[in-house]
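The values are calculated or read from the model by the stated rules, or taken from the named source; none is laboratory data. On a predicted model such as this, the values are computed, not experimentally measured, just so you know. Please note: Cβ atoms are built from the backbone with ideal geometry, for glycine as well, and neighbour counts cover all protein chains shown. Side chains are part of the model used for accessible areas, which takes the heavy atoms of the whole protein and leaves out ligands, DNA and RNA. Shrake-Rupley method; radii C 1.70, N 1.55, O 1.52, S 1.80 Å.
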Amino acid sequence: MSATLVVAAARTASKKAGLAFWMERVLEECDRTGVDLAADPVHDLRVALRRCRSIADGLLVMDPNPAWKQMKKAGKRLFSQLGELRDAQVMEEWVHSLGDPGDPVTGTLLRFLAGREAQLKQQAALALQEFDRKQWRRWITLLPRRAARMRMGSPLFKHLALERWTEAYELHRRALRNRSQVAFHQLRIGLKRFRYIVENFLPQQHEAWSDDLKQLQDLLGEVHDLDVLWATAWRIKALPDADTRARWHSRIVEERARRIGKYREKMVGHGSLWQTWRAELPQGKQIEEAALSRLKLWASFLDPDFKHSMHVARLALQLYDGLPFRQRPMESEPADQRSILEVAALLHDVGQSKNEKGHHKATYNLIRRLAPPLSWNEDKLRMAGVVARYHRGALPGVGQKTMAGLTPGQRQTVAQLAGILRLANAFDSDGNGHIERLEVHEQNGFLEIAAQGYSPRDRKAETIAAARHLLETVYHRPVMVKALRKQAEN
């Protein structure tokens, strides 16, 4: 199939299985399930709810709108109650498969599960009744429009898939190392989270990988079912003697080992599916670029004038690159200061979304609560948040809460980068982007910053003059700002 046909097929599939489709499907399946809570409708409603919640889980990483979490929470109780019911129904199928009709253990387990199913059906019916369908309808009009702002199959979603791949692969290694029930259960969850990102946001990869991903999830799901069945049989004392316990344990272990063996065939060795999937996801520099794009997208949803923030970031990097005598990083000082400055500049006004007077403090709190994307870590993202916090307001000082816990090298970095960010922000304090380019030179013991579009008679010049102070303090040099003439065109 040609690339054009693949893209067209992906778009068609997106319309048939996008967020709006699955949210509408939830309401349809609620009507079907409410009749008698039979196994198939329960399964279908859970699938629809799971798709909606997993799409929300992926998108709220980039879109901080609270409606995503609200939608996830609204479906959680119903999803959980149906999950317990579904587990009981699946366990009945396993007992019929593994047990003999005349076996007392089979009868004991089926009677227990029948009673359990009746109880769970009552609880699920109540959760179904309490499910707020009117609110769900309101979200159907809001959330698919927000989802449409993010292009399916983009590097951002490949980066998110790589995060999930990395988490799942570590769980895979751990499960093969210690072989415990808990480890295989965690692997099942990790692989499921990877599958959901591929399924929801990477249509081309899903087309190629969906069969394997489903088979692997089914295998690990059945391993978990068998573990739960054995634990249940033991807990309700359905195994009266050693011979019975040995017989049932042998059957369960045999079925479990067969499924783990099939999993290993696909997932262990040089040609494993792990490596196939990894080859299709971002590599090297692409990982850092996608992480930056994700942070920019997140900021764009919160910052009322993100165009200004992007311009400030460009000016800040011009200042950083032009400074002729940046001190060598101390041992505890971050080495990648430039990327910290860039992210701090891009995110410095996200706090304005909170409509608070001290938006720079709100900015720090928003960044501090943000989960770092792959190639970043909490310490590095926190540094960007601290630098962004000091783009205005009080100067960074040792006694301030935001600076608590930072090493001397980190405090030095904050002061240096915040000084650059303050001045860059001042150069675009009116948000018109008129000052386009900065050049930095050392002249006779002071820093000379030539700004294209700057005029000392402009009202902005006073703001720039005040913003120089922190940079002068950090570099122990006076700063002079002058106009930079545009180069004559040939």
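Taking all protein chains as present, what is the carbon and sulfur share of the accessible area of the chain, in % to the nearest whole number, probe 1.4 Å? Result for the chain: 49 percent of the exposed heavy-atom area is carbon or sulfur. For the range 136-179, the orientation-averaged shadow of the C-alpha convex hull comes to 4.8 nm² (one quarter of the hull surface).
Close amide-amide hydrogen proximity is noted between Ala483 and Ala451, each under 5 Å apart and 5 or more residues distant or on a separate chain (H modeled in the peptide plane; Pro and chain starts excluded). D by Stokes-Einstein for the range 36-91, Kirkwood Rh over Cα pairs, 25 °C, 0.890 mPa s: 205 µm²/s. The lysines whose alpha-carbon is closer than 20 Å to the alpha-carbon of Lys307, local same-chain residues fewer than 8 away aside, are Lys296, Lys354, Lys460. In the full protein context, the chain carries 51 Å² of accessible surface per residue, based on a 1.4 Å probe and ignoring ligands, DNA and RNA. Between helix 19-33 and the chain there is an angle of about 30 degrees, using the helix long axis and the longest principal axis of the Cα atoms.
Principal-axis analysis of the Cα atoms of the chain puts helix 3-17 at an angle of about 70° to the longest axis.
Rounded to the nearest Hz, the phi-derived 3J(HN,Hα) couplings of the range 391-401 under the Karplus curve 6.51 cos²θ - 1.76 cosθ + 1.60 (θ = phi - 60°) are 6, 7, x, 4, 6, x, x, 4, x, 7, 4, where x marks glycine and proline. Amide H to amide H distances under 5 Å link Arg437 with Gln452, where only residues 5 or more positions off or on other chains count and H is placed in the peptide plane.
Hydrodynamic estimate: the Kirkwood radius of the chain over Cα pairs, inserted into Stokes-Einstein at 37 °C and 0.692 mPa s, corresponds to D of 124 µm²/s. A straight Cα-to-Cα reach below 16 Å connects Lys401 with the lysines Lys361, residues fewer than 8 places away in its own chain not being considered.
Counting only GluC sites (Glu not before Pro) that DSSP places in a loop and that have at most 15 other Cβ atoms within 10 Å, the longest clean stretch of the chain runs over 1-330.
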